[in-house]
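The values are calculated or read from the model by the stated rules, or taken from the named source; none is laboratory data. These figures come from a predicted structure and were not determined experimentally. Here Cβ is always computed from backbone atoms with ideal geometry, including for glycine, and neighbour counts include all displayed protein chains.
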Amino acid sequence: MKKKRIYDGEILKVRNSRKLYIPFYLMIIFLIIFLSYIKFSNRPISDISFKLVLAFIILVIIVTEIHRLGNFYEVNDKSIIHTNGYFWTISKRIEFGAISDIDILQGPWQRMMKFGNIVLFKFSEGPILKNINRPKDFVDYLQTKMRGFRARGPGR
Amino acid sequence: MSDKGAVVKSRRKISFSGVLFFLFVLVLFFLIYTSFFNPDFIQSFTGNAIKEEIFLGVPIQADLDPPENIMINSRVDKLNLKIIGAFLIDGKKYELISASLVIDNFDGDINLDNKILILNGKATKIFVEGIPITGNLKISLNNKYEYVKLNNVYISDLSYDASGIVRLENEKVTVNLEEDKFNINNFRGNLEKSNNYFRLDGMAEEISAGMINVKANNEN
């Protein structure tokens, strides 16, 4: 997320970061390299093995993309909306006025890959926005939006 | 369980990461096993299926004059060939005047006429004049040949006017053909062919030799 001027009425839409799935993408890359090694070392690759690898690659791509589609975050001038689910979805709106504090949680892998979870406090621990890309930039954006909201007043 | 006696159900949540990692290990293990330790592992399954198929067929041994053309698309356990001229294995050209080839685990197309053998497919092992080449090999031949033997080949249909002897059901029935109709469906077994010699030895679902017609179902 690049630092840029934030305009009123601007809506930011965010999904889970794909960096979350890097271990699975590494599995795909490993299988492709291993297949190439078998091929170039003139060892036999059975049709079933090749098809299994292909099926695994397709499965990983589909599963990760579907998983990513399950969570959707929207930041507008007044609130954050978290939409969760596939066929039946739940949308939770968190008004900026209700947010008392924001924490960023990052494990070692998340720090390395620059993504993490953001906890929104509503005077106690509240909803968690999971696996957001560049969480510090996201929180800065959120705080700018919240400042704008508070300056305008809740009714406007 | 809480003090008030409420039962807290432990929900077993499926971890997709765990499932995907398990599948990854499974695929990797299968790949390593079938490529490094037991390349015939998969064939051992198909081999059993083939045996069952043969059990239901009519036994046939036929020594006939060769048909003009045979087209086969099948997996063949072993091919023995004596061919004339250059040929390609895995993109590499072998410039030999004549060569004896043994091909293991061939899968692809075979086209045999009275002079030319056209062969396109893959094999796991090829012996060229006794020297082995292993791997997942692409083989391409378009050569004159002296002799061809295919072990455990499947032929869906072969029909021509033939001369020679056909022995059915372990020599219970012997038919002498002289330019008579010969037709065979769903044959699996061995095939030998040279310029003036053609031999089939295996089982078939349906055989017509002259006036004789035998189907696998008639056996029971």
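Comparison of B:Glu205, B:Glu192, B:Glu178, B:Glu146 shows that the only residue that is in a strand (DSSP E or B) and touching a helix residue (DSSP H, G or I) at 6+ places or on another chain (Cβ under 7 Å) is B:Glu205. Any residue that is in a strand (DSSP E or B), free of Cβ contacts under 8 Å to residues at least 24 places away in the same chain and over 16 Å from the mean Cα position of the chain (by Cα) - is there at least one of those in the stretch B:155-174? Yes; the residues of the stretch B:155-174 include at least one that is in a strand (DSSP E or B), free of Cβ contacts under 8 Å to residues at least 24 places away in the same chain and over 16 Å from the mean Cα position of the chain (by Cα).
Just a yes or no: is a residue in the stretch B:109-121 in contact with a helix residue (DSSP H, G or I) (Cβ under 9 Å, 6 or more places away or on another chain) and within 30 Å of B:Leu177 (Cβ to Cβ)?
Step one: list which residues in the stretch B:109-121 are in contact with a helix residue (DSSP H, G or I) (Cβ under 9 Å, 6 or more places away or on another chain), which gives none.
Checking the stretch B:109-121: not a single residue is in contact with a helix residue (DSSP H, G or I) (Cβ under 9 Å, 6 or more places away or on another chain) and within 30 Å of B:Leu177 (Cβ to Cβ).
Exactly one residue out of B:Val25, B:Val76 is within 14 Å of chain A (Cβ to nearest Cβ) and either modelled with pLDDT of 90 or more or under 30 Å from B:Lys172 (Cα atoms) (or both): that is B:Val25.
Please verify whether the stretch A:43-66 includes one or more residues that are out of contact with any Cys (no Cβ under 6 Å at 6 or more places or on another chain) and over 27 Å from A:Pro23 (Cα atoms).
Start the filter on the stretch A:43-66 by keeping residues that are out of contact with any Cys (no Cβ under 6 Å at 6 or more places or on another chain), which leaves A:43-66.
Still in the running and over 27 Å from A:Pro23 (Cα atoms): A:43-44.
Checking the stretch A:43-66: at least one residue is out of contact with any Cys (no Cβ under 6 Å at 6 or more places or on another chain) and over 27 Å from A:Pro23 (Cα atoms).
Taking only the stretch A:114-156 into account, find how many residues are part of a helix (DSSP H, G or I), among the basic types (Lys, Arg) and within 16 Å of A:His82 (Cβ to Cβ).
First, the residues of the stretch A:114-156 that are part of a helix (DSSP H, G or I): A:135-152.
Right, trim to among the basic types (Lys, Arg) and you get A:136, A:145, A:147, A:150, A:152.
Imposing the further condition that a residue be within 16 Å of A:His82 (Cβ to Cβ) reduces the set to A:145.
So the count comes out to 1.
If I go through the stretch A:56-87 residue by residue, how many of them are at the interface with another protein chain (Cβ under 8 Å from one of its Cβ atoms), buried (at least 19 other Cβ atoms within 10 Å of the Cβ) and of a type in the set (A, V, I, L, M)? Don't jump to the end; show me each part of the working.
Taking the stretch A:56-87 first, the residues at the interface with another protein chain (Cβ under 8 Å from one of its Cβ atoms) are A:56, A:59-60, A:63, A:67.
Now narrow it down to the ones that are buried (at least 19 other Cβ atoms within 10 Å of the Cβ): A:56, A:60.
Narrowing further to those that are of a type in the set (A, V, I, L, M): A:60.
Selection size over the stretch A:56-87: 1.
If you go through the stretch A:26-55 and keep only what is loosely packed, with under 15 Cβ neighbours inside 10 Å and either of a type in the set (Phe, Trp, Tyr) or not in a helix (DSSP H, G or I) (or both), you end up with A:Phe30, A:Tyr37, A:Phe40, A:Ser41, A:Asn42.
Looking only at the stretch A:32-55, which residues are of a type in the set (Lys, Arg) and within 8 Å of chain B (Cβ to nearest Cβ)?
So the first thing to find is which residues in the stretch A:32-55 are of a type in the set (Lys, Arg), and the list is A:39, A:43, A:51.
Matches in the stretch A:32-55: A:Lys39, A:Arg43.
Across the stretch A:73-88, the number of residues qualifying as out of contact with any strand residue (DSSP E or B) (no Cβ under 7 Å at 6 or more places or on another chain), of a type outside the set (D, E, K, R) and touching a residue at least 60 places away in the same chain (Cβ under 8 Å) comes to 1.
Any chance the stretch B:139-154 includes a residue that's within 14 Å of chain A (Cβ to nearest Cβ), in contact (Cβ under 8 Å) with a residue 12 or more places away in the chain and either closer than 18 Å to B:Asn73 by Cβ or not small (Gly, Ala, Ser) (or both)? Can you show your working first?
Taking the stretch B:139-154 and keeping what is within 14 Å of chain A (Cβ to nearest Cβ), we get B:139.
Then drop every residue that is not in contact (Cβ under 8 Å) with a residue 12 or more places away in the chain, which leaves B:139.
Narrowing further to those that are either closer than 18 Å to B:Asn73 by Cβ or not small (Gly, Ala, Ser) (or both): B:139.
Yes: the stretch B:139-154 contains one or more residues that are within 14 Å of chain A (Cβ to nearest Cβ), in contact (Cβ under 8 Å) with a residue 12 or more places away in the chain and either closer than 18 Å to B:Asn73 by Cβ or not small (Gly, Ala, Ser) (or both).
Go through (1) surrounded by 15 or more Cβ atoms within 10 Å (Cβ to Cβ); (2) facing chain B (nearest Cβ under 8 Å) for A:Leu20 and report which single condition fails. Exception for A:Leu20: condition (2).
Would you please name the residue that is nearest to the other protein chains (Cβ to nearest Cβ), looking only at residues in the stretch B:100-125 that are part of a strand (DSSP E or B) and farther than 13 Å from B:Val76 by Cα? I'd like the intermediate steps shown before the answer.
From the stretch B:100-125, those part of a strand (DSSP E or B) are B:100-113, B:116-125; that's our starting set.
Narrowing further to those that are farther than 13 Å from B:Val76 by Cα: B:100-101, B:111-113, B:116-118.
Details: B:Ser100: 22, B:Leu101: 18, B:Asn111: 22, B:Leu112: 25, B:Asp113: 29, B:Ile116: 28, B:Leu117: 24, B:Ile118: 23 Å.
Restricting to residues being part of a strand (DSSP E or B) and farther than 13 Å from B:Val76 by Cα, the top hit is B:Leu101.
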